[in-house]
Ligand SMILES: CC(C)(COP(=O)(O)OP(=O)(O)OC[C@H]1O[C@@H](n2cnc3c(N)ncnc32)[C@H](O)[C@@H]1OP(=O)(O)O)[C@@H](O)C(=O)NCCC(=O)NCCS
């Protein structure tokens with residue numbers, strides 16, 4: 001398994017996985033191309049035997065306190081083996097490097113698997129966007145992660161010390177599209 005920075009040459013493979021993973025609300029190729037080339041973006045792909053099996057993206061404007069998880073997906077056949085968590089960790093490490101304090105995302109209310117992943121990394125629900133996902137008419141749950149807390153918990157996990165603290169619960173206007 002290889003994780004590397006995404007390039008515009010990955011667009012077709014990314015779009016194939018995008019349509020498979022998000023059949024009713026996939027991004028357009030133009031939107032994805034713009035994301036891949038944005039100076040504020042950080043996109044990575046996972047490959048196995050030369051085949052793209054996952055991708056994820058962060059939007060983090062240099063100097064800004066907040067960042068957004070834009071998307072994350074693993075191909076169906078490669079799920080459940082830690083790749084999603086690893087990709088999320090790669091994005092959060094990048095956010096740490098960019099000096100981000102809080103990371104936001106939006107997740108479909110009918111996606112308990114992704115919600116469980118985010119909650120287990122310390123993301124907490126801070127709001128809802130009713131009927132955000134169309135045409136399915138599904139609410140978006142807005143989640144927030146205190147990045148310094150995430151770094152501290154990871155350090156404690158490495159030393160075997162469990163010191164999970166409270167997650168700030170300020171309402172926000174997070175714009176992650178995940
Ligand atoms: C969400 C997604 C990226 C997770 O990737 P993954 O590689 O399967 O996840 P991992 O193996 O790293 O598991 C991470 C956590 O996700 C949750 N999870 C994974 N598979 C699950 C399942 N079948 N049922 C319930 N929870 C599950 C668990 O909390 C798991 O942690 P654990 O292994 O310690 O229990 C993947 O399911 C996916 O691509 N889904 C379709 C696209 C999508 O919904 N993206 C998110 C948009 S917000």
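Can you pull out every residue in segment 18-48 that is more than 16 Å from the ligand (Cβ to nearest atom), under 22 Å from residue 4 (Cβ atoms) and part of a loop (DSSP other than H, G, I, E, B)?
Our first condition is that a residue be more than 16 Å from the ligand (Cβ to nearest atom); within segment 18-48, this holds for 28-30, 33-34, 36-42.
Cutting the leftovers down to under 22 Å from residue 4 (Cβ atoms) gives us 29, 33-34, 36-42.
Scanning segment 18-48 gives 38, 39, 40.
What number of residues within segment 49-61 are part of a loop (DSSP other than H, G, I, E, B) and surrounded by 14 or more Cβ atoms within 10 Å (Cβ to Cβ)?
Within segment 49-61, the subset part of a loop (DSSP other than H, G, I, E, B) is 49-50, 60-61.
Still in the list and also surrounded by 14 or more Cβ atoms within 10 Å (Cβ to Cβ): 60-61.
The qualifying residues number 2.
If I filter segment 143-160 for residues that are closer than 30 Å to residue 18 by Cβ, at pLDDT 95 or above and more than 20 Å from the chain's Cα centre (by Cα), do I get at least one hit?
So far as segment 143-160 goes, no, none of its residues is closer than 30 Å to residue 18 by Cβ, at pLDDT 95 or above and more than 20 Å from the chain's Cα centre (by Cα).
Looking only at residues in segment 109-148 that are away from the ligand (no atom under 12 Å from the Cβ) and in a helix (DSSP H, G or I), which one is farthest from residue 89 (Cα to Cα)?
Among them, the one singled out is 148.
Residue 123 passes all but one of (1) exposed (fewer than 15 other Cβ atoms within 10 Å of the Cβ); (2) closer than 17 Å to residue 68 by Cα; (3) touching a strand residue (DSSP E or B) at 6+ places or on another chain (Cβ under 9 Å); which number fails?
(1) is the only condition that residue 123 fails.
Going through segment 1-15 one residue at a time, which ones are outside any loop (DSSP other than H, G, I, E, B) and either in contact (Cβ under 8 Å) with a residue 60 or more places away in the chain or out of contact with any strand residue (DSSP E or B) (no Cβ under 8 Å at 6 or more places or on another chain) (or both)?
We begin by selecting, within segment 1-15, every residue outside any loop (DSSP other than H, G, I, E, B); these are 2-5, 8-15.
Hits for segment 1-15 are 3, 8, 9, 11, 12, 15.
Return yes when residue 65 is under 22 Å from residue 155 (Cβ atoms), surrounded by 15 or more Cβ atoms within 10 Å (Cβ to Cβ) and touching a residue at least 24 places away in the same chain (Cβ under 8 Å) and no when it is not.
Working: under 22 Å from residue 155 (Cβ atoms): yes; surrounded by 15 or more Cβ atoms within 10 Å (Cβ to Cβ): no; touching a residue at least 24 places away in the same chain (Cβ under 8 Å): yes.
It is false that residue 65 is under 22 Å from residue 155 (Cβ atoms), surrounded by 15 or more Cβ atoms within 10 Å (Cβ to Cβ) and touching a residue at least 24 places away in the same chain (Cβ under 8 Å).
Name every residue in segment 60-95 that is in contact with a helix residue (DSSP H, G or I) (Cβ under 9 Å, 6 or more places away or on another chain) and farther than 18 Å from residue 3 by Cα, in order of residue number.
Within segment 60-95, 60, 67 meet the criteria.
The values are calculated or read from the model by the stated rules, or taken from the named source; none is laboratory data. Computed from a predicted model, the values in this text were never measured in an experiment. A quick note on method: Cβ atoms are made from the backbone with ideal geometry, for glycine too, and the neighbour counts reach across all protein chains shown.
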